[in-house]
Amino acid sequence: MNKVVGRFAPSPSGRMHLGNVFAALLAWLSVRSQNGEMVLRIEDLDPDRCRPEYAETLKEDLRWLGLDWDREQTPQSRRTAAYAEAFSSLEAQGLVYPCYCSRTELHAASAPHASDGRVLYAGTCRNLTPAQRAQKTKAPAWRLKVPDAVRTVEDRLQGPYRENLAQDCGDFIIRRADGVYAYQLAVVVDDAAAGVTEVVRGLDLLSSTPRQLYLYERLALHAPDFAHVPLLIATDGRRLSKRDRDMDLGLLRQEKHPEEILGLLARWAGLLEKPEPITARDLVAVFDWSHVPRTAIPVQP
Ligand code: GLU
């Protein structure tokens, strides 16, 4: 059997909150329970949202919790050449086109997707002629053409998740108008480059996965296995976010020991009967995917 390789892929756009830590813990436990290798990758793709000091704090918080890693991959902000290469390969396949739609035009022309309110791209710029393109003055975003075909994620926790790329998603952006490569492209290029064999992350990213599978295919890269873990929600039903100061690690670290936080998370993950203090190392022995809930977990720290 080949070695299992998992990863942490945090975005340094703020302090981690408990939901991020929950996903990170499960990613780490899955890897450590299989004697695998853990990779850390700082996803600082978006220069508007990311800051180097947050990256340092993220690492410090992970270490404080005892969630270690074996190697660190080059941060996304320094991987532009690799993304450009993948972009060129897709372009050479005739799959990429420039899109000049403004935000307002996008909303006017598209129908919200029935099941989850996502906005479907109507394909406005797909068939512009070279002459029409030449008339445009603004810098375009770049979209990937998707086929009218279903892609299925065999998710370890959520079971099969299917999407028809054309009907449920539409042609999607792989490079923004300001030149920044999109998360969807970068994450595929980077996970493949690191030899990642399993991706454990929050359920909010399940709906991105069919797009990522399509990119793996077109780039002739081997796709990893996926497990999408439930989000933690506040007891009033809100999803936790980096804005919830009460759930962020900065505040929690002033009040609790790492073992207490891990005990709480492990209880929510179905790994402990009671939220008792425990180290990350000691949790490896009790880790079992079959105990982990599949749907949103209401929490009060
Ligand atoms: N960087 C993303 C985040 O922090 C995670 C991406 C992924 O796990 O694929 O939400």
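Using a Cα distance threshold of under 23 Å, what count of lysine pairs results for the chain when pairs must be 8 or more residues apart or interchain?
Values: K59/K242; K59/K256; K136/K145; K242/K256; K256/K274.
For the chain, qualifying lysine pairs total 5.
Using a 1.4 Å probe on the protein heavy atoms, what percent of the accessible area of the chain belongs to carbon and sulfur? Don't skip to the answer; put the middle values down first.
Values: 7000 of 14420 Å².
Solvent-exposed carbon and sulfur of the chain make up 49 percent of the total.
Given a 1.4 angstrom probe, what's the average accessible area per residue across the chain, in square angstrom? Each step should come with its number before you reach the end.
On the way: 14420 Å² over 301 residues.
In whole numbers, the chain has 48 Å² accessible per residue.
Give me the one-decimal nm value for the distance between modelled label points at A131 and R253, 7 Å along each residue's Cα-to-Cβ direction.
Here the modelled spin labels are 6.2 nm apart.
Pick from L213, L249, L128: which residue has the top mean-square fluctuation in a GNM of the chain where Cα pairs under 10 Å get a spring?
L128
Each residue of the range 179-188 in order: what ³J(HN,Hα) in whole Hz does its phi give by Karplus 6.51 cos²θ - 1.76 cosθ + 1.60, θ = phi - 60°, with x for Gly and Pro?
Residue by residue, the range 179-188 yields x, 6, 5, 6, 3, 4, 6, 4, 5, 5 Hz.
If you find the alpha carbon centre of the range 57-75 and of the range 265-301, how far apart are they in angstrom?
20 Å
Report relative contact order for the range 191-301 in percent, whole number only (criteria: Cα-Cα under 8 Å, sequence separation at least 6).
Contact order relative to length: 26 percent.
For the range 1-101, what is the relative contact order in percent, using Cα pairs closer than 8 Å and at least 6 residues apart in sequence?
31 percent
The values are calculated or read from the model by the stated rules, or taken from the named source; none is laboratory data. Here the structure is a predicted model, which is why all the values come from computation and not from measurement. Quick reminder, even Gly has a Cβ in these numbers, built from the backbone with ideal geometry, and neighbours come from all protein chains shown. Each accessible area value is taken on the protein alone, full model and side chains, heavy atoms only, with ligands, DNA and RNA left out. Shrake-Rupley method; radii C 1.70, N 1.55, O 1.52, S 1.80 Å.
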